[in-house]
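Chemist: Provided herewith is a single structure, encoded as structure tokens, for subsequent inquiry.
The values are calculated or read from the model by the stated rules, or taken from the named source; none is laboratory data. For clarity, every value in this text was computed on a predicted model and none was experimentally measured. Here the Cβ is made from the backbone with ideal geometry for all residues, glycine too, and neighbour counts use every protein chain on show.
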Amino acid sequence: MADKSFGVKELNLLNASGTPTVTSPNNLNLNANTVAISTSATVGNNLTVSGQINVGSNIKIGNAGVVTATSFVGSGANLTGISAGISTDPSNVQATWKLGGGSGSGFTFTGPGQDGSEGNPDIYLVRGQRYLFDNTTLAGSHPFEFRNEANNADYTDGVSGAQNGLQYINVQHDAPAALKYRCTIHTSSMLGNIYIVGQHLANGVNNRVLTATSAYGMNGESNLLFDGNDLTNSGGDIAAANGSQGSPSFRNYTDTDTGMFFPSANNLAFATGGFSRVVIDDNDGMIIGNGQVRSTKIGNRLTVGGPTHAGITIKSGTSSAGSLYFSDGTSGDDEQRGLVQYDHSGNFLRFYTNAVERLRIDSSGRVSIGATSGGNADTDDLIVSGSGKKGITLCSTDGSESRLTFADGLSGVSAVAGSILYTHSNDSMDFQTNTTRRLRIDSVGRVMIGTIDAGGSNADDLTVATSGNTGITIRSGTSNTGNIFFSDATSGAAQYAGAIEFYHSDNSLRFNVGNTNYLRIISTGSVRIGEDGTFTADGSADELVIGSANSGVNRGMTILNHTGQDGRICFAQAGDPDAGMIKYSHGSNVLQFYVESEEMVRLNNTSVQGTPAMQLRKPNAASNVQSHMIHLIVGGHDRGALIAGSSFGSSAIVGSISDYRVKTNIRNYTSGWDNIKALPVKIFDINKEGEEATDIKGWIAHEVQSVIPEAVIGTKDAKKADGSDDLQSLGYNVFMPDVVGALQTAMAKIETLEAKVAALEGS
């Protein structure tokens, strides 16, 4: 059929029963400026509008809830406040929850995501959705209301219905992120959280972390992924606030004071239990320990510390080693110039410098410096060994002390039972035993034993002093020698210029000068001066032996006194210190010999004329007169005696050796008569101090001198150097030949005269 056109101003289907139908086998085109539908219009299939649809009040979209448009004109701001975008039909709610519970258990919810078993659970609502809360069961006993968490005020935006019945909430796009719900009566026990989340998700892919694109949208970050275990950002950084040690920026979910934080610019820190444990600063340094500050010293990259204990643990296998290396290169010895290493196979700790082991602490606690083994079992706690010079240094500040302590306890005096102490204030070293100072070496090298006060200035190098007996012991082997040397050089014989030696082989004490033994005390106590100890002296006179049979050197003994004083050798017994004595008086230059404290022999200065060289004296108990006597015993035989009443007397008997076997050229002596006749015998008194006597018979020395000059000693009227009289003396033994000769002559003449007298008488 050909197309037919007709013009109709108005087509009204009025009062028709049933459903009037306009049917077209194909499309029905309503080509008009305006098609007005005054009542309802139902489109069974798609409705395509090439222009625009003008809606007077609203467009109702069914359960499909989808509006598709090829384009959108305007901005999202035009939708703000338009509630028509959410259906008010009770059947069009996103979720419905039935409320239950009570004040003791809080509100319970039964519906999507809630089974009614949890009290006051967290509820999540989506922006742009409508929700129903059914409180008809609890009714007026527990009115249900929404609260604004931010200002703690009632929240009514989009809320409708009754608190004791059905209550709706149309979640606005600009709703706050969090709300509260509660019972208006039981405000604290029936109280919970409501969290508002975005409705739209952009860039949604599995495991992507959601972020807000705007106030009403969410975005699945393409680089920020969370798979339930790990959070990764493949395209950028994860930034956080600085945080603090009590609230780290990155922390454990349940342990809120443990994690990582940023204490300051360019510093990263890690905290546990609310305390900073590790800090990495902006100068390549690390600090381990709460409250620690890294030193500014060069090379201090790691600081470990804390208010109490602090340390570092290196764990390795039981047969391996744990090491701390100090390197200045990448190969050879440079890799291990310095090393601290614990060897678990041998359980020892060793220390290296310059790639060489310098110190080792073994499994028993022994410390070896320059050695890896050895030492004496009793003294091997510290071993210092090496090819060169070795030592131990204790360094302390000036005015302080350095101490090496030997303890038998850890407290009290036991902690300092023994010690070696150096006092820097006076530069002295003290040695202590049994908590008491025993020895001191002062700043000039003086040694003091038992005291801190040095001896005299000329003998203060070693001072030994105690309150009791004091001495020095030198102990050596039974066949060895104990020595004290006096040296003036460091080599050769001068090292032993003087010496005191005890020879244990023969138990002799020797005194050496110039490397030569000059005095020896042998095992019997005999003192030998200049004798080697081989001479066998008289057992009754061997306490002192002077000289040597094996030496051509003259020997002797000297007693040195000040001018005018006496030198003495005394022979004593108990209670009598000078029973016997030899005395030299320097004032008069006289040598005297005493027996039982009485002078018996005197040797005078022979340079004085008239003074005999020797006087033998014995006091007379009856008077003060000296009875001089000489008694000669030779070879066990009495050889005679000389006796005189005084030094001025004339009574004398002289005995001397007269054996013919010692005489030659024997002839008769007939002279002497004239000499005897010429000697005038006198009687006189003695006025010499100490020898006063009267009626002494004798001669005058100068008168004898004119007759027998050889019998007189001294010169008439001579004086000594001090002005005193230098007296003359007589040698009476010189008279004897003349006396005997004169007597024989007289006897011969008498005999001749007697013969003549007899002849005359007989005739």
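Chemist: On the basis of being under 21 Å from MET614 (Cβ atoms) and at pLDDT below 85, does GLU710 make the cut?
Modeler: Numbers: under 21 Å from MET614 (Cβ atoms): yes; at pLDDT below 85: yes.
So GLU710 passes the test.
Chemist: Can I ask one more? Do you know which residues across the range 109-123 are assigned to a strand (DSSP E or B) and surrounded by 15 or more Cβ atoms within 10 Å (Cβ to Cβ)?
Modeler: Restricting attention to the range 109-123, the residues satisfying the condition of being assigned to a strand (DSSP E or B) are 109-111, 114-115, 123.
PHE109, THR110, GLY111, GLN114, ILE123, listed by residue number.
Chemist: Name the pairs: first residue in the range 129-140 and closer than 18 Å to SER160 by Cβ and in the same structural domain as TYR181 (by TED's automatic domain parsing), second residue among the small types (Gly, Ala, Ser) and at pLDDT below 90, Cβ to Cβ under 7 Å, at least 6 apart or on different chains?
Modeler: From residues that are closer than 18 Å to SER160 by Cβ and in the same structural domain as TYR181 (by TED's automatic domain parsing), the pairs are ARG130/SER87.
Chemist: Counting just the residues of the range 495-526 that are surrounded by 13 or more Cβ atoms within 10 Å (Cβ to Cβ) and small (Gly, Ala, Ser), which one comes out farthest from LEU462 (Cα to Cα)?
Modeler: SER526
Chemist: For the range 327-354, which residues satisfy the criterion of being surrounded by 13 or more Cβ atoms within 10 Å (Cβ to Cβ) and either in contact with a Leu (Cβ under 8 Å, 6 or more places away or on another chain) or part of a strand (DSSP E or B) (or both)?
Modeler: Once the filter is applied, which keeps residues that are surrounded by 13 or more Cβ atoms within 10 Å (Cβ to Cβ) and either in contact with a Leu (Cβ under 8 Å, 6 or more places away or on another chain) or part of a strand (DSSP E or B) (or both), the range 327-354 yields GLY338, LEU339, VAL340, GLN341, TYR342, ASP343, PHE348, LEU349, ARG350, PHE351, TYR352.
Chemist: Quick check on my filter: what residues within the range 124-162 are touching a helix residue (DSSP H, G or I) at 6+ places or on another chain (Cβ under 9 Å) and not in a strand (DSSP E or B)?
Modeler: Step one: list which residues in the range 124-162 are touching a helix residue (DSSP H, G or I) at 6+ places or on another chain (Cβ under 9 Å), which gives 128, 130, 132, 158.
Passing the criteria: GLY128, GLY158.
Chemist: Give me a count of the residues in the range 729-763 that are touching an Asp or Glu at 6+ places or on another chain (Cβ under 9 Å) and in a loop (DSSP other than H, G, I, E, B).
Modeler: Residues that pass the stated criteria total 1.
Chemist: For the range 453-540, give me every one of the strands (runs of 3 or more DSSP E) that falls completely inside it and has 3 or more residues that are more than 25 Å from MET557 (Cα to Cα).
Modeler: Numbers: elements: 462-464, 481-486, 498-503, 508-513, 516-521, 527-529.
Output list reads 462-464, 481-486.
Chemist: While we're here: Pairs needed: first member in the range 151-166, farther than 13 Å from ASP134 by Cα and in contact (Cβ under 8 Å) with a residue 40 or more places away in the chain; second member anywhere, of a type outside the set (Lys, Arg) and surrounded by 12 or more Cβ atoms within 10 Å (Cβ to Cβ); C-beta distance under 6 Å; at least 6 residues apart or different chains.
Modeler: The qualifying pairs are GLY158/ILE169; GLY158/ASN170; GLY158/GLN172.
Chemist: Please work out which one of (1) exposed (fewer than 13 other Cβ atoms within 10 Å of the Cβ); (2) at pLDDT below 80; (3) among the β-branched types (Val, Ile, Thr) is the condition ILE288 fails and give its number.
Modeler: Condition not satisfied by ILE288: (1).
Chemist: Under 7 Å between Cβ atoms, at least 6 apart or on separate chains: pull out the pairs that start in the range 328-356 with a residue that is small (Gly, Ala, Ser) and modelled with pLDDT of 85 or more and end on any residue that is surrounded by 13 or more Cβ atoms within 10 Å (Cβ to Cβ) and part of a loop (DSSP other than H, G, I, E, B).
Modeler: Close Cβ pairs satisfying both conditions: ALA355/ARG337.
Chemist: Taking the criterion of being outside the structural domain of SER428 (by TED's automatic domain parsing), surrounded by fewer than 11 Cβ atoms within 10 Å (Cβ to Cβ), β-branched (Val, Ile, Thr) and assigned to a loop (DSSP other than H, G, I, E, B), would at least one residue in the range 375-388 satisfy it?
Modeler: yes
Chemist: Let me ask something else. Any idea which of (1) of a type outside the set (Ser, Thr, Tyr); (2) closer than 13 Å to ILE196 by Cα; (3) in a loop (DSSP other than H, G, I, E, B) is the one ILE169 doesn't satisfy?
Modeler: (3)
Chemist: Okay, moving on. In this structure, does ALA177 turn out to be modelled with pLDDT under 90 and assigned by TED's automatic domain parsing to the domain that holds LEU132? Quick ask: steps written out before the conclusion?
Modeler: Working: modelled with pLDDT under 90: yes; assigned by TED's automatic domain parsing to the domain that holds LEU132: yes.
Answer is yes for this residue.
Chemist: Among the residues of the range 259-292, write down those that are in contact with a strand residue (DSSP E or B) (Cβ under 8 Å, 6 or more places away or on another chain), under 18 Å from ALA239 (Cα atoms) and not hydrophobic (A, V, I, L, M, F, W, C).
Modeler: Within the range 259-292, GLY259, PRO263, ASN267 meet the criteria.
Chemist: Right, here's the next one. Starting from residues that are touching a strand residue (DSSP E or B) at 6+ places or on another chain (Cβ under 9 Å) and exposed (fewer than 15 other Cβ atoms within 10 Å of the Cβ), keep the ones in the range 215-226 and report whichever is modelled with the lowest pLDDT. Spell out the reasoning first.
Modeler: Step one: of the range 215-226, the residues touching a strand residue (DSSP E or B) at 6+ places or on another chain (Cβ under 9 Å) are 216-226.
From the residues that got through so far, the ones that are exposed (fewer than 15 other Cβ atoms within 10 Å of the Cβ) too are 222-223, 226.
Numbers: SER222: 75, ASN223: 80, PHE226: 80.
Going through the qualifying residues, I end up with SER222.
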